[in-house]
Each structure stands twice: as C-alpha cells, then as structure tokens.
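The values are calculated or read from the model by the stated rules, or taken from the named source; none is laboratory data. Not measured: the values here are computed from a predicted model. Counting neighbours? That spans all protein chains shown, and the Cβs are built from the backbone with ideal geometry, glycine included.
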Amino acid sequence: MNIVFLGPPGAGKGTQAQALAQRHGMIQLSTGEMLRSAVRAETDVGLRAKAIMEKGKLVPDAIVVDIIATRLLEPDCAGGFILDGFPRTLAQAAVLDTLLERLHKSLDAVIEIKVDDDALIDRLSGRFSCAKCGIGYHDRYRQPKTAGVCDVCGSKEFARRADDIPETLKSRLMAYYRETAPLIGYYFAQGKLRSLDGMAPIDEVQLQIERYCQALRLEQHQGHGEAGADQDPAGRAKSQPKARCI
Ligand code: AP5
Ligand code: MG
C-alpha cells in the first residue's frame, strides 16, 4: 500500500504513520524529519531550511520535491510507503502524481486526520520524542511505560521540537489552511480521500486506520486471488515487521 497522511500540525500524522509502518512493514517518509535531520547535519538544504522552519513557514517546493524524488527511488519503497507531511502544496501533489506515474506506482489512499484547532496547541505543547529512536510521546496522552525511559530502545534522552511553541504554531496553522488544505479537494476529486476523526484517543484513531487499510487490502486481494502467505485470512501480517522511518 502507498498512503499519504494529511492533516494540520499536531493532528497525529507522525504518530499514526509510525504505528502503521510498524504493523505493515511499510516505509514512513516524513519530510519534516528529513529536513530536521538536514538541519542537525548542517547540510546545504539544512542551512536553507532552518530559518524557514523556525518561522513555521513551508520550505520551497523545489527542495522537498527533490528530497522525496530521490528517496522514492530507493528499493525499500517498493514494499509500500507512507508519506507523512508530503505533499503540502498543490504543486507538490502534481509533481508526486508525475513521479509515481514514471515509477509505475500509484497512491492507494490519502488519509485526512481531522482535529479541532484548540486541541492542536495542547498536543504540540506536550509533545516530546526519544532522542535516539525518534518514537513520539506526549506529556499526558502517551507517556513512556516507565517514566524517563523510552519504551522502544531504552534510551533516557528525549527531545522537544524547536517549532513547538505557540508563536510558530500560528504560522504553521496558517500555512496549512492556505497551502495544504486545498489538497483535500484535490484528492477527493481523485476518489482517494478518506477523512477520519482525529479527536478520538490515539488507539481509536489507529483502529479506524487499521480497519480502513484492511478493507483496502481485501479489495486488492480480491483483485489478485487469495490472501498472501505472509497474512492470516483477515489480511493481517503474521509476523511483526520492524518500523522503518525515512
Ligand atoms: P512536520 O514535521 O511535518 O510538522 P507538521 O506538519 O507541523 O506536523 P507535526 O509533526 O507537528 O504533527 P503530526 O501531525 O505529525 O502530529 P504527531 O503525530 O507528532 O513539518 C515541520 C516543518 O518542516 C514544516 O513547518 C515546514 O517548515 C517543513 N516541511 C515539512 N514538510 C514539508 C513540505 N512537504 N513542504 C514544505 N515544507 C515542509 O502528534 C502530536 C502530539 O500529539 C504527540 O505528542 C502525540 O503523542 C499526540 N497525539 C497524537 N494523536 C493524538 C490523539 N489522537 N489524541 C491525543 N494526543 C495525540
Ligand atoms: Mg509529524
């Protein structure tokens, strides 16, 4: 499956993309993570993107398109990918369509996670992640099982994002409504849009996505005969593949 997650900052795109990638052995392609890693490494792209991201504005299309175009060519994307934070403008969406056509791939679905604006500030102000493996947490909604220790890798170091401050959130939200929200109509017109209630707790949103993906897989298997050997009759993966990010 090839899927796009769409939604405002803090909607839960990264949280759900990480979980879906883990369950289905897909690749999570987060342009935000790729850009933050370029900023940390002080590459040319990172140096150009840093100030723009700190202001909560969108990095120019040419930069992110270039990053994604290169990444999609890598062999690990062949088993399915989740685009988390891309595309974010109509121009990026048009380029993505062309790129996928050239690679003989297509998007199976665009999942819009709908969340009220008031909840976004609450989510972003409490967000932190493991500094080692990147898994996401929240001060109230998703705490590590043992306080101060990452559930996944056992690290005791955590990080908060520089752009998770109220001043920046306003411009990130404005960028979303002005430049990204038009993609809802774009993908609706393509018959690929699926909107979910992102106000529900994390596990419930996960369940909504899982049910939808199961239905998608079933449709695909009906087109190709029986469920694959790596799946049970309901289409669930028998083994637990490892999460892969970027
Ligand atoms: P990016 O990293 O993509 O940030 P974003 O879109 O602002 O989204 P976030 O990562 O903040 O939110 P999320 O939806 O992933 O929420 P999360 O799952 O973490 O982009 C950063 C910047 O990079 C941009 O501003 C831009 O400058 C640049 N950029 C990136 N891509 C670009 C592109 N394509 N074009 C141009 N520029 C680009 O959840 C948030 C918190 O809430 C977590 O703590 C989580 O635990 C909690 N949570 C999640 N779901 C729930 C729930 N259901 N209930 C309660 N809490 C929840
Ligand atoms: Mg994210």
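Output the residue which, of all residues in the stretch 28-46 that are small (G, A, S) and away from ligand 2 (no atom under 15 Å from the Cβ), is surrounded by the most Cβ atoms within 10 Å (Cβ to Cβ). Going through the qualifying residues, I end up with A38. Within the bounds of the stretch 44-66, is there any residue that is under 28 Å from L216 (Cα atoms) and out of contact with any Gly (no Cβ under 7 Å at 6 or more places or on another chain)? Scanning the stretch 44-66, I find at least one residue that is under 28 Å from L216 (Cα atoms) and out of contact with any Gly (no Cβ under 7 Å at 6 or more places or on another chain), so the answer is yes. For the stretch 58-72, the set of residues classified as in contact with a helix residue (DSSP H, G or I) (Cβ under 9 Å, 6 or more places away or on another chain) and surrounded by fewer than 17 Cβ atoms within 10 Å (Cβ to Cβ) consists of P60, D66, A69, listed by residue number.
Could you list, in sequence order, the residues of the stretch 1-40 that are more than 10 Å from ligand 1 (Cβ to nearest atom) and in a loop (DSSP other than H, G, I, E, B)? Across the stretch 1-40, the qualifying residues are M1, G25, M26. Among the residues of the stretch 85-102, none is identified as touching a strand residue (DSSP E or B) at 6+ places or on another chain (Cβ under 7 Å) and among the β-branched types (V, I, T).
Scanning for something among the hydrophobic types (A, V, I, L, M, F, W, C), farther than 23 Å from R36 by Cα, in contact (Cβ under 8 Å) with a residue 12 or more places away in the chain and touching a strand residue (DSSP E or B) at 6+ places or on another chain (Cβ under 8 Å), does the stretch 110-117 turn up at least one residue?
yes
Screening D232, D203, D197 for residues that are of a type outside the set (G, A, S), modelled with pLDDT of 95 or more and out of contact with any Asp or Glu (no Cβ under 9 Å at 6 or more places or on another chain) leaves exactly one candidate, D203.
Within the stretch 41-65, the residues that satisfy the criterion of being more than 18 Å from the chain's Cα centre (by Cα), not β-branched (V, I, T) and not in a loop (DSSP other than H, G, I, E, B) are A41, D44, G46, L47, R48, A49, K50, A51, E54, A62. Scanning the stretch 66-85 for residues that are within 16 Å of ligand 2 (Cβ to nearest atom) and in a loop (DSSP other than H, G, I, E, B) returns a single hit, G85.
When the stretch 153-187 is limited to residues that are outside any loop (DSSP other than H, G, I, E, B) and among the acidic types (D, E), the one that is surrounded by the fewest Cβ atoms within 10 Å (Cβ to Cβ) turns out to be E167.
So that you can scan it fast, the table gives a plain yes or no per residue for (1) modelled with pLDDT of 95 or more; (2) aliphatic (A, V, I, L, M); (3) in contact with a Phe, Trp or Tyr (Cβ under 7 Å, 6 or more places away or on another chain):
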| site | (1), (2), (3) |
| --- | --- |
| L90 | yes, yes, yes |
| E101 | yes, no, no |
| D122 | no, no, no |
| T146 | yes, no, no |
| S155 | yes, no, no |
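Test Q143 against the criterion of being polar (S, T, N, Q) and either within 16 Å of ligand 2 (Cβ to nearest atom) or within 26 Å of Y177 (Cβ to Cβ) (or both), and give yes or no. Spelling it out, it is not the case that Q143 is polar (S, T, N, Q) and either within 16 Å of ligand 2 (Cβ to nearest atom) or within 26 Å of Y177 (Cβ to Cβ) (or both).
Candidates in the stretch 78-102 are the residues that are more than 9 Å from ligand 1 (Cβ to nearest atom), farther than 12 Å from T31 by Cα and buried (at least 17 other Cβ atoms within 10 Å of the Cβ); of these, the one that is nearest to the chain's Cα centre (by Cα) is F81. Going by what's in this entry, would R88 be described as in contact with an Asp or Glu (Cβ under 8 Å, 6 or more places away or on another chain), within 16 Å of ligand 2 (Cβ to nearest atom) and among the charged types (D, E, K, R)? It is true that R88 is in contact with an Asp or Glu (Cβ under 8 Å, 6 or more places away or on another chain), within 16 Å of ligand 2 (Cβ to nearest atom) and among the charged types (D, E, K, R). Taking the numbered list (1) in contact with a helix residue (DSSP H, G or I) (Cβ under 7 Å, 6 or more places away or on another chain); (2) surrounded by 15 or more Cβ atoms within 10 Å (Cβ to Cβ) in turn, K55 passes all entries but (2).
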